[in-house]
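What follows is a single structure, written as structure tokens, with notes after it.
The values are calculated or read from the model by the stated rules, or taken from the named source; none is laboratory data. Quantities reported herein were computed from a predicted structural model and do not represent experimental measurements. Cβ placement follows ideal geometry from the backbone for every residue including glycine, while neighbour counts extend to all protein chains displayed.
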Amino acid sequence: MLFGYIIRDETVLQGENYKNGMVRIIAEGERVQAGDSIFRYYSKNEDNLIKKIEELDIKIDEALQNEEKIYPSDVKVLDSTIEKNIEESYEENDLSKISEIKKEIEEAITKKANITGEQSPAGSYVKKLINERAEYEHQLNSGTEDVKAQKAGLVSYKVDGLEKVLTPSDFSNLSSNLLEELKLKTGQIIQTSDECGKVIDNFKFYIVTVLNSENSKKSKVGDKVKIRLTSQEELSCEIVHIKEEDEKRLIVFETSNYSEELISYRKISVDVIWWSAEGLKIPNSAIIKEGELCYVTRNRAGYLDKILVKVLRQNENYSIVTQYDNEELKELGYKDREIVNMKTISLYDEVIIQN
């Protein structure tokens with residue numbers, strides 16, 4: 001098992017009011033477009049201001065309810081809107097939508113107060129409450145800070161400070177010493193920040209690892225391989241950078257098969273699958289070579305048959321073999337009758353090991 005370090009194109013976003021606390025507008029892992037608001041910082045004394053506005057809304061509504069005067073049809077429409085939004089807020093679980101509904105209720109109350117206030121015997125009192133509310137609302141809005149995405153991608157609040165260290169902008173700065181000095185634990189989840197967030201390019205990301213296997217020493221930039229995660233998911237990758245380091249090689253793999261589960265990690269366990277082939281695995285000692293062709297001797301119920309096989313891949317001990325198709329056999333010089341009568345090897349057949 002190898003250790004892989006995840007490199008992403010990440011843009012960390014942090015505003016000036018980060019010490020005031022933040023509320024998420026876009027949830028972890030969701031996609032955004034450039035210009036979308038991702039999160040918002042609270043204004044100073046926001047809780048106190050919100051409480052005062054809510055108290056004023058109640059006072060305004062009570063003052064209007066106590067009046068017996070019949071108001072224009074617009075007021076009835078606003079009353080219906082307020083009642084409908086209140087009912088919706090009770091059934092909604094999404095915090096961002098609840099916030100929108102609450103804002104609509106506040107706007108409707110303010111409009112109602114503006115329409116009826118001057119026509120009411122208590123008009124001057126209502127107007128005073130409206131002005132007071134407007135002042136608190138101004139203080140609230142002037143102190144808040146919306147942070148917006150500069151580009152499209154995935155939103156994450158898992159920020160570890162390595163966004164500008166493990167960056168795809170320049171792989172030449174990477175080294176095994178740099179990776180070791182990071183002192184990262186394999187599989188450790190990145191902590192969630194309550195002061196900032198980031199947008200991740202979800203089209204591609206990179207895994208860098210240090211290897212000294214024979215396959216790694218033969219690899220080159222542009223080679224296509226697969227990387228298997230601990231979840232057994234396999235990512236199709238391409239080698240985009242190789243750095244020689246004594247007896248080892250630092251290799252960077254690029255993949256566009258973005259795995260959203262990896263947002264939470266910076267160092268993971270991986271396996272590199274340098275090649276794959278589908279066929280039967282047999283010992284090399286069972287293969288008989290005659291010129292360019294390979295055969296095996298099959299023992300089925302005591303009957304021995306010499307069977308032609310196609311070797312797909314081979315290492316020091318084993319070979320992956322399959323059968324030639326009809327077109328390939330014709331290219332090898334076999335006639336149609338020979339092809340029809342040709343015996344094949346299958347799973348669970350017994351093959352003879354050559355001495």
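Selection within segment 161-179: residues that are in contact with a strand residue (DSSP E or B) (Cβ under 7 Å, 6 or more places away or on another chain) and outside any loop (DSSP other than H, G, I, E, B). The member of this set that is farthest from residue 205 (Cα to Cα) is 176.
Would you check if there is a residue in segment 279-295 being surrounded by 12 or more Cβ atoms within 10 Å (Cβ to Cβ), at pLDDT below 90, out of contact with any helix residue (DSSP H, G or I) (no Cβ under 9 Å at 6 or more places or on another chain) and closer than 26 Å to residue 235 by Cβ? Taking every residue of segment 279-295 in turn, none turns out to be surrounded by 12 or more Cβ atoms within 10 Å (Cβ to Cβ), at pLDDT below 90, out of contact with any helix residue (DSSP H, G or I) (no Cβ under 9 Å at 6 or more places or on another chain) and closer than 26 Å to residue 235 by Cβ. Residues satisfying the criterion are absent from segment 180-194 (criterion: over 28 Å from residue 14 (Cβ atoms), part of a helix (DSSP H, G or I) and modelled with pLDDT under 90). Of all residues assigned to segment 161-168, at least one qualifies as being closer than 17 Å to residue 250 by Cα and either of a type in the set (Gly, Ala, Ser) or more than 18 Å from the chain's Cα centre (by Cα) (or both). Where strands (runs of 3 or more DSSP E) sit wholly within segment 267-355, those with at least 2 residues that are touching a strand residue (DSSP E or B) at 6+ places or on another chain (Cβ under 7 Å) and under 30 Å from residue 226 (Cβ atoms) occupy 267-273, 280-283, 293-300, 303-314, 318-322. Has segment 207-224 got at least one residue that is among the β-branched types (Val, Ile, Thr), part of a loop (DSSP other than H, G, I, E, B), at pLDDT 90 or above and under 25 Å from residue 165 (Cα atoms)? Yes, that holds for at least one residue. Within segment 296-316, being over 9 Å from residue 351 (Cα atoms) and either in contact with a helix residue (DSSP H, G or I) (Cβ under 6 Å, 6 or more places away or on another chain) or of a type in the set (Asp, Glu) (or both) holds for 305, 316.
Is segment 331-339 home to any residue that is under 47 Å from the mean Cα position of the chain (by Cα) and in contact (Cβ under 8 Å) with a residue 12 or more places away in the chain? No, segment 331-339 contains no residue that is under 47 Å from the mean Cα position of the chain (by Cα) and in contact (Cβ under 8 Å) with a residue 12 or more places away in the chain. What do you reckon, is residue 172 among the small types (Gly, Ala, Ser) and under 19 Å from residue 248 (Cα atoms)? Against the criterion (among the small types (Gly, Ala, Ser) and under 19 Å from residue 248 (Cα atoms)), residue 172 qualifies.
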